[in-house]
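Written below as C-alpha cells is the structure these notes are about.
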Amino acid sequence: MSQPLLQVDNVTKIFRYGFLGFKFRAVDNVNIVLEDKPMIFSIAGESGSGKTTLAKLILRIYKPEYGRILFKGRNIYEIDENSFRKNIQPIMQDPYAAFNPMQKPIRYLRETAKNIVGIKNDEELEELIAKTLSYVGLNYSDVVNKYPHEFSGGELQRLSIARALLPKPKLIVADEPVSMLDASLRINIINLFKKIKDELGVSFIYITHDLATAYYMSDKIAIMFRGTIVESGPSKKVLSKPLHPYTQTLLESLPQLDPKKKEYWYRQRIKFSAYIEEEEFIAKGCKYIHRCPYAMSKCKTEPPYFKIDDVEVRCWLYEKK
Amino acid sequence: MSEESDVVLKASNIYGEYVLSPSVSIKAVNDVSMELRKDDVVGIAGESGCGKSTLVKILYGFITHPLVAKGSVVLNIDGRNINILSTDEDYRRENIWWKIMSYIPQNSMNVLNPFMRVGDHFVELLRKHLKMERDEAYKMAEEYIVNMGMRKDVLKAFPHQLSGGMRQRIIVALALLLKPRIVFADEPTTAVDVVLQKVLLHLLIDKQKELRNSLVVVTHDMGVHAMVTQRLMVMYAGRVVEEAFTAPLFEDPKHPYTQALINSLPRLGDEKPRRGLEGSPPDLRNPPPGCKFHPRCPFAMDICRREEPPLIEYENGWRVRCWLYMKR
C-alpha cells in the first residue's frame, strides 16, 4: 500500500483560556488520512469547532502538544522549510487582508517564485507568473501595476490561489476561501478548485461551514465539533445520510433554496442550550451531550469511533449490539 | 392584503449618494420605491456594494456624512403621516427610533458598549422611552430576557464575557424590546454559523408573528430569503432589478441577474455542475451606460448597452428591470 499524502495522527492542541485560566483542547485527538491521490477533503463545523486550528497545525503555524502530522510518511517538523513550503501551501479566508495594501500583489508572486520555487532568471520568472495567472483566469498585464485596493475580492482571491500554485504544491490548505466573497463570484472560485484538482492533481483541505459547497466539491468530509471529529467519510454519503445527531442538526439548520420547504424548516426547532462554549470543551465524554436529543447515561464516557460501511461516526447510538 | 391602511411605510424615488468630494460621488441607491405593510416580511437581496445597506439606512433615517439622501420616506403612524427625511435627527431619536422602527446593524455583535453591563443597555432604553424607574425597568428586562429564551444572569455580564452568538441574540432582543412596528435587520446572520443562524432567524420570525409587524431582512444569502421572506427585492448597482413574491420568484426568476444568483448556488443532494457570473459588479463611481448589468449579462442586446430599462410590471406584484420582458 502506498504512503498516504497526509496523515494526522492523534493530534491534540491545548490552549489556555485567560492568563491563569483553565486549559482546553481546541483540537482533541484528531486523526485524518488523505490517500495519495488528488482529492478535496472538507473539514466542516460551526465556529469554535477547532477547524481553523487544525488547518494551522497542518500548516506548521501551531505546534501540536501531542501527536504528529506526517506528510508522505515524514513528520512535518523534520522537513526543511523550503521543501515544506513547496509541497504545502495555504489560501486564507480574507483576500482583502492577505496582501499588504502598500505593495503590489505581484510582488508576493515574484517573491514566492524566487524564494520557494528558486527561479533566478527574471524572464523565466515572469513567464511562470504569467502562465499561472492566466490559469486562474487573470491577465498578467492587468495585474502587474495594480495595488490591492484596485482589485475586487474575487480577483484578490484568484491572486492568492495563483500564488499558492506557483511552487506546484501537492496539498493546498484552504481556510474558508469563499466565505468573504460575493455570492455570484463564489461558485467560480469553487469550480477553479475542482479544475486545479482534476488537471494539476493537487489535493485540497477545504475548511468550511458551508455544507452545500462541501457537498458540491469535496470527495471526503469530516464534521468537527468542539475539537473532535464526530463523523467522517465520503461527503455525498455523510451529507445525504447523516448519522451523528450533530451532523443531523447542522443539515437541518441549513436554509434550503426552496421556499416550499419553508414551513418544514420553520417547524424543526433547534435545542440551543445556554451552555457556554468553554463548558462544552471541557465536558467529559461526548461533547455534544448538552444539546443532543438522544443523550443517555452512557454518553458521559467518551464514545469510540464506530465504523458503518465507510463512514466513521463517534456516537454511542451506533454501538453494535 | 394590499389595503392602503395596511401600509406602514411608503418610500418613493429614493436616491442615496455618497459625496466624497465635489467631483467624486457614488450613487449607491438610485430611484428606489417600496412599500412596507403590516405583517409583512420583505427581503432585500444583492451582493456587497449593491446599495442594500444604504437603502435600509435611508429608510431608517440614519443618514450621516457623506451620505446624502433624496426622495420621501413616509411613515404612517395610526393615520398620521411623517416624512422621515424631513425630520431632524433629535426628533427621530426621541420619537421614532426603537419605538416605531428599530435597526439591527451589520456586525451587530460589536455594537454593545463594552463598559456597560448587558442589563444596563436594556434599562437605559426602558427609562428613556417608557419613563420607567430603574428597578422596575430591570425587573421588566429580566422577564423579557427569560421570555426570549435566555438565562437572566446574562444581564449581569459585560459584553466581552459573552460569546458572539449570545451578543447577537442580545442585540436582536434589544431591537425588539419596545415592540416596534418596523424592524430592519441588516445582515443579521452573516458572521455566525448555520446552527446559530437558525436560532437567530427563529427569534426574529417568532417575534414578527407575535407582533404582526413588518420585518425587513437584508442579506446576500438567498437561502435565508427563501426560508424567511414573503416578498423579495433584488438589487444590483443601486437599482432594484426585480421585485416579486418569494415563492414564485424562486420557481422562475426573470431577471438574468436573479437567475444567476439563484442558479449558481450549490444545493445538497445535487451534483450538477454550476456556473457563476463572469466579471464583477460595476464601479459605482463610473457605472456603465445603459443597463448596469449588461457587461456580465449572457443575454445582452444592443439596446441594453444604450438605454437603461425601466422597472416593468410583469405580472401582478412582479416587477422586473430588463429589456427581455418589454412588450413591444
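When A:Y66, B:Y257 are compared by accessible area of protein heavy atoms, the largest-first order is A:Y66, B:Y257, using a 1.4 Å probe. Among the residues of A:213-220, the average count of other protein chain beta-carbon atoms within 10 Å of the residue beta-carbon is 3.
Around the Cα centre of chain A, unit charges on the Cβ atoms of Lys, Arg, Asp and Glu (plus for the first two, minus for the last two) sum to a dipole of about 860 debye. Under a model in which nothing but the beta-carbon of Lys, Arg (+1) and Asp, Glu (-1) is charged, region A:17-175 shows a dipole of about 400 debye around its Cα centre.
Classification of the protein assembly as shown by its C-alpha gyration tensor yields an oblate form. The axis ratio a/c (a ≥ b ≥ c) is 1.5 or more, and b/c is at least a/b. The stretch between B:I77 and B:F115, if pulled fully straight at 0.36 nm per residue, gains 10.1 nm over its current Cα-Cα span. With the cut-off at 1.5 for a/c, could you classify region B:271-328 from its C-alpha gyration tensor as rounded, prolate or oblate? Cα axes put region B:271-328 in the oblate bin. Note on the protein assembly as shown: with charges restricted to the Cβ of Lys and Arg (+1) and Asp and Glu (-1), its dipole about the Cα centre is near 1120 debye. Approximating the spin labels as points 7 Å out from Cα along Cα→Cβ, the A:E124-to-A:Q268 distance works out to 5.5 nm. Shielding by partners for peptide B:195-206, expressed as the average number of C-beta atoms from other protein chains within 10 Å of each residue's C-beta, is 5. Remark: for residue pairs A:K260/B:K139; A:K300/B:K272; A:K51/A:K260; A:K51/B:K292; A:K72/A:K146; A:K120/A:K197, the C-alpha separation exceeds 31 Å in A:K260/B:K139; A:K300/B:K272; A:K51/A:K260; A:K51/B:K292; A:K72/A:K146. Dividing the C-alpha radius of gyration of chain B by 2.2 N^0.38 Å, with N its residue count, gives 1.04.
Of the residues B:T229, B:L162, B:A173, the one whose Cα sits farthest towards the positive end of the charge dipole of chain B is B:L162 (charges of +1 on Lys and Arg Cβ, -1 on Asp and Glu Cβ, taken about the Cα centre).
Ranking of B:R212, B:R319 by solvent-accessible surface, largest first: B:R212, B:R319 (1.4 Å probe, protein heavy atoms only, all chains present). Averaged over peptide B:16-27, the number of partner chain Cβ atoms lying within 10 Å of each residue's Cβ comes to 0. In this label model, A:F306 and B:S21 are separated by 6.8 nm, measuring between points 7 Å along each Cα→Cβ vector. The angle separating the long axis of helix B:194-211 from the principal Cα axis of greatest extent in chain B is about 80 degrees. Overall, the anisotropy analysis places region A:188-263 in the oblate class: the square-rooted eigenvalues a ≥ b ≥ c of its C-alpha gyration tensor yield a/c not less than 1.5, with a/b not exceeding b/c. Assuming R0 = 60 Å, what is the FRET efficiency of A:V117 and B:L211, from their Cβ-Cβ distance, to the nearest 0.05? Once rounded, the FRET efficiency stands at 0.45. By the helix-only formula, in which each DSSP H run with n ≥ 4 contributes -39500 (n - 2.57) and the sum is divided by residues, chain B has a 222 nm mean residue ellipticity of -8500 deg cm²/dmol. Accessible area per residue for the protein assembly as shown in Å², computed with a 1.4 Å probe and the full protein assembly in place, what is it? Roughly 45 Å² per residue, with all protein chains present. For the protein assembly as shown, with all protein chains in place and a probe radius of 1.4 Å, 50% of the accessible heavy-atom surface sits on carbon or sulfur.
The values are calculated or read from the model by the stated rules, or taken from the named source; none is laboratory data. Fair warning: this is a prediction, and the values are worked out from it, not measured in the lab. For neighbour counting, all protein chains shown are included, and Cβ atoms are generated from backbone atoms with ideal geometry for every residue, glycine included. Protein only, heavy atoms only, side chains kept; ligands, DNA and RNA dropped before computing areas. Shrake-Rupley method; radii C 1.70, N 1.55, O 1.52, S 1.80 Å.
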